[in-house]
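The values are calculated or read from the model by the stated rules, or taken from the named source; none is laboratory data. Note that the structure is predicted; figures quoted are calculated from it, not measured. Every residue, glycine as well, gets a Cβ built from its backbone with ideal geometry; the counts of neighbours run over all protein chains shown.
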Amino acid sequence: MTRPGHRPLLAALLAALALAANAAAPAQQAPLTLDTHVDIPFAYLREARFDPGADTPLQVDLGKMRRGGLDAAFFVVWVPQGPLTPAGYAKAVAQAKQKYDAIDRMLAKYPARIRLATTPAQVAANHAAGRLSAMIGIENAYSLGHQLANLDAAYARGARYVGLVHVGHDDLCTSSMPQADLGDPPVSDAGLSDFGRAVVKRANALGMMVDISHASDACVRDVLALSSAPIIASHSSARALVNHPRDLPDELLRAIAAKGGVIQAVAYKGFLKLDPGRELAEKALEARVAKQHGRKQFDDELDGYSPEMKQGLAAIEQRYPLPTLDDFVAHIRHMVEVAGIDHVGIASDFDGGGGITGWMDAGETANVTAALRRHGFSEAEIAKLWSGNLLRVWGEVERDGRR
Ligand SMILES: [Zn+2]
């Protein structure tokens, strides 16, 4: 909008300044950006509000990826932890199928905009052709239903990393966050089970990355000792800065790097800044919104994207502000100091709890690159953080599988 009374001289001066600023900054080539952890709802592409080709309430849809310059994302086949019983396994297998089918529906509906990538070369080819890349990662291998053959089936459907465990111990591995209501014992020295060992070995043979985010420290140590290939943490930050069990201690950051792997720093509020006041306020809000919607328990998909939730979170933000991009870059900086610039990457955990001030959805992805520049990372370092390291590790895991 232009208001009357603008002075032409001022306008000319501003234009000249803008030109000078452009001339001073060398042309910056945008790095290929890759996010290793994006969740999708069970109702993805089954309800109009969750159609990623449209303008959605999701943090990641195709328009937001394009606008924000997010080129590639691992879409995650997540299932909640349940009991280690035949019925529990059957339910988890069925839930995982829903997610694979949803990703397939997206790929079938928008072939000109986004393509599946099952190799690092395909990510590069999609990028060169001006298309987005979708990769698939497993979060919680409980969804294999305790059948090793289901890992091969997941690979055949396109999954390229297998996250062993989630919140609560499973049949593969102990969790960094045991779940008392599932009868979990507290964290101990127990790490991988026999089935967990079999899955790691089979993933190595398939050339599939093993993801230790959510695993207990003991499990991470077991995987490091067993895996023939480098491993990844698809979404974990630094415990030296925030003492949360989901973050990784320096000793494990170093060990993952020493094995040639990569740790993808995650923009998840609770892992970047401890804020018990905000946590309590959010819990209370969730309970209130669920009740307003006539539900006993809060449901992420049914309640989480509602206007009531949005308004409530805006009110909470006034009192308990989210972490910022500076907080996120502080974790990246620490991880780079400990593990080295070749062993750190970036993840959002969007639509799974991610989102910080400045990177609330994929449409704001360019802000992350700008923050890294502001904090003094070079273009070459930013390219490694954004995708170079993850793609290198992925390629190494593929080659290890062929050997
Ligand atoms: Zn997670």
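Quick look at the values:
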item	result
Checking VAL338 against (1) of a type in the set (Val, Ile, Thr); (2) farther than 18 Å from HIS37 by Cβ; (3) assigned to a strand (DSSP E or B), the condition it does not meet	(3)
Residue in the stretch 17-25 that is outside any helix (DSSP H, G or I) and either modelled with pLDDT of 95 or more or assigned by TED's automatic domain parsing to the domain that holds ASP299 (or both) present	no
Selection count where residues are in a helix (DSSP H, G or I) and farther than 20 Å from ARG239 by Cβ, scope the stretch 304-335	14
Any hit, the stretch 376-397, residues being surrounded by fewer than 19 Cβ atoms within 10 Å (Cβ to Cβ), more than 16 Å from the ligand (Cβ to nearest atom) and assigned to a loop (DSSP other than H, G, I, E, B)	yes
Positions within the stretch 321-370 being more than 14 Å from LEU253 (Cα to Cα), more than 16 Å from the ligand (Cβ to nearest atom) and of a type in the set (Gly, Ala, Ser), in sequence order	ALA330, GLY358, ALA362, GLY363, ALA366, ALA370
Set ALA265, ALA255, ALA284: member being away from the ligand (no atom under 16 Å from the Cβ) and either crowded, with 16+ Cβ neighbours inside 10 Å or at pLDDT below 95 (or both)	ALA255
Hey, ARG49 surrounded by fewer than 20 Cβ atoms within 10 Å (Cβ to Cβ), touching a Ser or Thr at 6+ places or on another chain (Cβ under 9 Å) and not in a loop (DSSP other than H, G, I, E, B) or not	yes
Residue among LEU241, LEU206 that is under 26 Å from ILE356 (Cα atoms) and away from the ligand (no atom under 16 Å from the Cβ)	LEU241
Qualifying positions in the stretch 130-146 - touching a residue at least 24 places away in the same chain (Cβ under 8 Å), in a loop (DSSP other than H, G, I, E, B) and over 15 Å from the mean Cα position of the chain (by Cα)	GLY145, HIS146
